[in-house]
Structure formats: structure tokens, C-alpha cells
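First up is the structure itself, then whatever we jot down about it.
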Amino acid sequence: MLIDLHTHSSVSDGTDSPAALLTTARAAGLDVVALTDHDTTAGWAVAAAARPSGLTVVPGMELSCRWFPPDRPPVSVHLLAYLFDPDSPALSAELTRLRAERLSRGERIVTALAAAGHPVSWDRIVEASGGGVVGRPHVARALVEAGVVDSVDQAFATLLSHRSPHYVAKADTDVLEGIALVRAAGGVPVFAHGLATKRGRVVDDAAIVAMAGAGLLGLEVDHPDHSPAERDHLRGLARDLGLLTTGSSDYHGANKTTPIAACATDPGQYEALLAAGTGSAPFTD
């Protein structure tokens, strides 16, 4: 059984529609795929209706969070949430706030870029998103299309980097609060790409221990941005803390070069994840 538990569609910052993503997943030989768009469940209904026969779709989401160390600046972290109740009032309210924050941040970044002479338009970026949750990847694509940079990766490394004068911080959810919200909604919270040092600052082991104490249920271990040593370290932490482990591609369509199914989840760990989720159920035959 081939299982990929972290993918993104055009509902957030991927380039494939939910239906096209599922077609790609099935063509790649996947038996199970999770749809985990950023801060939204808007793709769930489309995925349920468009699911190819023989493919199980796990409804999920990637929640934008922050870890607040006691003596250092906060660290941006992401929390994968699976099988939660999308109508949970508390979680729904927080998602509404996050989407509004993401929109406001995007508009402020584009305004700063335009003021610096870069040919980007907020209205055109929103229109091109097709109703998806607009974020920095949409701005990055606009910069590529305008010929300002050669690729989305280059945009993130330069004009959209946290070191750029155009960067705007985002008021994400405290990760401990995020874990509590997901658990209260019957979901399974898994810490996404937690040691991907190639992306920037990461949390220390004490943070992961605190997350486990707050109700975290798993660690995403096998991820394209984790080195072998980082995977080994996370696997050891998961063993010590009694957490399940997952693997995934973090597929974004044409926005990233990583193909779907690049990393996968062990079937036994997948079964444990299913057993822990009570807020919703996979879409399956």
C-alpha cells in the first residue's frame, strides 16, 4: 500500500485542482492520499466527488502556527491536521481569522513590491488564485510571470524572504493552541517537516516534547526536506514520546519540483492515524 499524507491543491498554494491532484495521485500508484491545503477545508467536497475509484482520500489541512520559545523570537511551524470535524466552531473561527490574516499580509507584501517598482498587482493575483487562499506562493508566481525572478524558489529566496525589506510577518496560531483545537475537533495533529533546517530556523527537542504534552499525536519524519540524520532524529523522538510517524511528498504541483509519492507513510502508522481520528472519515469506496 502506497500512502502520501501531505499534498496541496490550487485551493491553497498548489497548482493542481483537487480533481487533477487526485488523478495525479492515482497515476503515481498511490492507494491513499491526504489533501492538506493551508488553513482551509474548501477542497474536501470537490475531492470527495472527484475521487478516482480505488483511491482513498484522507481529509486534512496544514495549519499555520508559531512556537514561542521563552527566550528567543517565535519560530514558524506547521501542523498537519487529519480527520477533524470541519464544522467545529472553535477551529472554524481560528481558520477564518488565519485566512483573513493571510489575505491582509499578501496585500501588504504586494503593495510594498509595487511601490519598489516591481510589476505586480494585488487584484490580478487574487483573480488568478481562482478563489483559493492567497499567500506568498501566489505572489511568487506573479513575480515569475512578470519576469522579475526565474522561479518560485528564487522569489522565496530573495524578494519574499524574511530578510527582504518587503517581508511582512503573519499572526499565526500558537502551536499548542492549534494542537488543542484539532484534538477538540476529533482530529489527529502531526508536526509537519519539523527539522527541515534547509527552510530556516527549526524548533528544538524541548518544543516537540511540549507539543507532545499538549496532545500532539505524530511527527512527519520522511519528508523531502529532511536529511537522513534529521529523519533518524525525529524517528527516535517519536519512539521516545510514543508518537506515530508519517511520510509524504508535500506535493505542490508545478510550484515545487518534488513529485507526488516522493516519500510515503508506513501502512501500520496509517492505521494508527485512522484509529485516532474521530471528527471525519476518509473518502473511499
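The values are calculated or read from the model by the stated rules, or taken from the named source; none is laboratory data. Only a predicted model underlies this, so the values are computations on that prediction, with no experimental measurement involved. A quick note on method: Cβ atoms are made from the backbone with ideal geometry, for glycine too, and the neighbour counts reach across all protein chains shown. Protein only, heavy atoms only, side chains kept; ligands, DNA and RNA dropped before computing areas. Shrake-Rupley method; radii C 1.70, N 1.55, O 1.52, S 1.80 Å.
Between Asp205 and Asp266, what FRET efficiency comes out of the Förster formula 1/(1 + (r/R0)^6) with R0 = 22 Å and r the beta carbon distance, rounded to 0.05? Plugging the Cβ-Cβ distance into 1/(1 + (r/R0)^6) gives 0.45. Heavy-atom surface analysis with a 1.4 Å probe gives the range 23-168 a carbon and sulfur content of 53 percent of its accessible area. Taking only the Cα atoms of the range 102-161, the radius of gyration and Dmax are 10.2, 27 Å. Here the simple spin-label model places points 7 Å from the Cα toward Cβ, and for Ala115 and Asp150 these points are separated by 3.1 nm. A simple spin-label model places the labels of Ala169 and Thr96 2.6 nm from each other, with each point 7 Å out along Cα-to-Cβ. What is the Cα centroid distance between the range 6-44 and the range 140-207, reported in whole angstrom? Taking the Cα centre of the range 140-207 as reference, the centre of the range 6-44 is 19 Å away. Each principal axis of the Cα cloud of the range 26-83 was evaluated for its coordinate range; sorted largest first, these ranges are 51, 22, 16 Å. Taking only the C-alpha atoms of the range 158-285, the Rg (one decimal) and the largest Cα-Cα distance, Dmax (whole number), read 15.8, 50 Å.
Counting only protein heavy atoms and a 1.4 Å probe, the range 163-209 has 41 square angstrom of accessible area per residue.
With a simple spin-label model that places each label point 7 Å from the Cα along the Cα-to-Cβ direction, the separation between Ala157 and Thr258 comes to 1.7 nm.
Over all distinct alpha-carbon pairs, what is the Kirkwood Rh of the range 19-178 in angstrom?
Details: mean 1/r = 0.0575 Å⁻¹.
Here the Kirkwood hydrodynamic radius works out to 17.4 Å.
Based on the Kirkwood radius over alpha-carbon pairs, what value in µm²/s does the Stokes-Einstein equation return for the translational diffusion coefficient of the chain at 10 °C and 1.306 mPa s? Taking Rh from Cα pairs, D becomes 83 µm²/s. Once you sort the root eigenvalues of the Cα gyration tensor of the range 52-133 as a ≥ b ≥ c, which label holds: rounded (a/c under 1.5), prolate (a/b larger than b/c) or oblate (the other case)? Judged from the Cα gyration tensor, the range 52-133 comes out oblate (a/c at least 1.5, b/c at or above a/b).
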